[in-house]
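Everything below concerns the one structure shown next.
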Amino acid sequence: MLVSPSINLLSAVNPILKFQLLQQIWSSDQDELLVLYRSDINNEWTLLNTYNYNVNSWTEILVALPDASETYQIGFSAKSGYGYGIGL
């Protein structure tokens, strides 16, 4: 899993995660991206969103970040479905 360093979001109003995504399907095979967060490094990861569909070109993704905290972390986890891979 790709994990961000701790981020202080306490003073953020309606924080948003913004990233670019590319994950092309190959034949009928598709990879899957999971976006997770935890509000403290000692907490369990919570799923924010799953991307398991064809994204043919670089696409901007916006995700609202709940439970803002002083030690917030974001994680990206991939599951291989034998597609062309995932680009972030």
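Keeping to the range 78-88, report how many residues are open to solvent by 30 Å² or more (accessible area, probe 1.4 Å) and either charged (D, E, K, R) or within 12 Å of the chain's Cα centre (by Cα) (or both).
Looking only at that region, the number is 4.
Scan the range 37-77 residue by residue and report those that are surrounded by 12 or more Cβ atoms within 10 Å (Cβ to Cβ), of a type in the set (Gly, Ala, Ser) and not in a loop (DSSP other than H, G, I, E, B).
Scanning the range 37-77 gives Gly75, Ser77.
May I ask you to list pairs of residues, at least six apart or on different chains, whose Cβ atoms are under 6 Å apart, with the first in the range 33-50 being touching a residue at least 24 places away in the same chain (Cβ under 8 Å) and the second being among the basic types (Lys, Arg) and surrounded by 12 or more Cβ atoms within 10 Å (Cβ to Cβ)?
Trp45/Arg38
May I ask you to list the residues in the range 3-34 that are in contact with a strand residue (DSSP E or B) (Cβ under 6 Å, 6 or more places away or on another chain), closer than 16 Å to Ala68 by Cβ and open to solvent by less than 40 Å² (accessible area, probe 1.4 Å)?
Of everything in the range 3-34, those that are in contact with a strand residue (DSSP E or B) (Cβ under 6 Å, 6 or more places away or on another chain), closer than 16 Å to Ala68 by Cβ and open to solvent by less than 40 Å² (accessible area, probe 1.4 Å) turn out to be Ser4, Leu9, Leu17.
Taking the condition aromatic (Phe, Trp, Tyr), in contact (Cβ under 8 Å) with a residue 12 or more places away in the chain, in contact with a strand residue (DSSP E or B) (Cβ under 7 Å, 6 or more places away or on another chain) and part of a loop (DSSP other than H, G, I, E, B), does Tyr82 pass?
It is true that Tyr82 is aromatic (Phe, Trp, Tyr), in contact (Cβ under 8 Å) with a residue 12 or more places away in the chain, in contact with a strand residue (DSSP E or B) (Cβ under 7 Å, 6 or more places away or on another chain) and part of a loop (DSSP other than H, G, I, E, B).
Given the conditions (1) within 17 Å of Gly87 (Cα to Cα); (2) touching a Lys or Arg at 6+ places or on another chain (Cβ under 9 Å); (3) at pLDDT 95 or above; (4) not acidic (Asp, Glu), report the number of the one that Asn52 does not fulfil.
So the condition that Asn52 fails would be (3).
The values are calculated or read from the model by the stated rules, or taken from the named source; none is laboratory data. Since the structure is predicted, the reported quantities are computational estimates derived from the model, not experimental observations. Positions of Cβ are backbone-derived with ideal geometry, glycine not excepted, and every protein chain shown enters the neighbour counts. All accessible areas refer to the heavy atoms of the entire protein, side chains included, with ligands and DNA or RNA removed. Shrake-Rupley method; radii C 1.70, N 1.55, O 1.52, S 1.80 Å.
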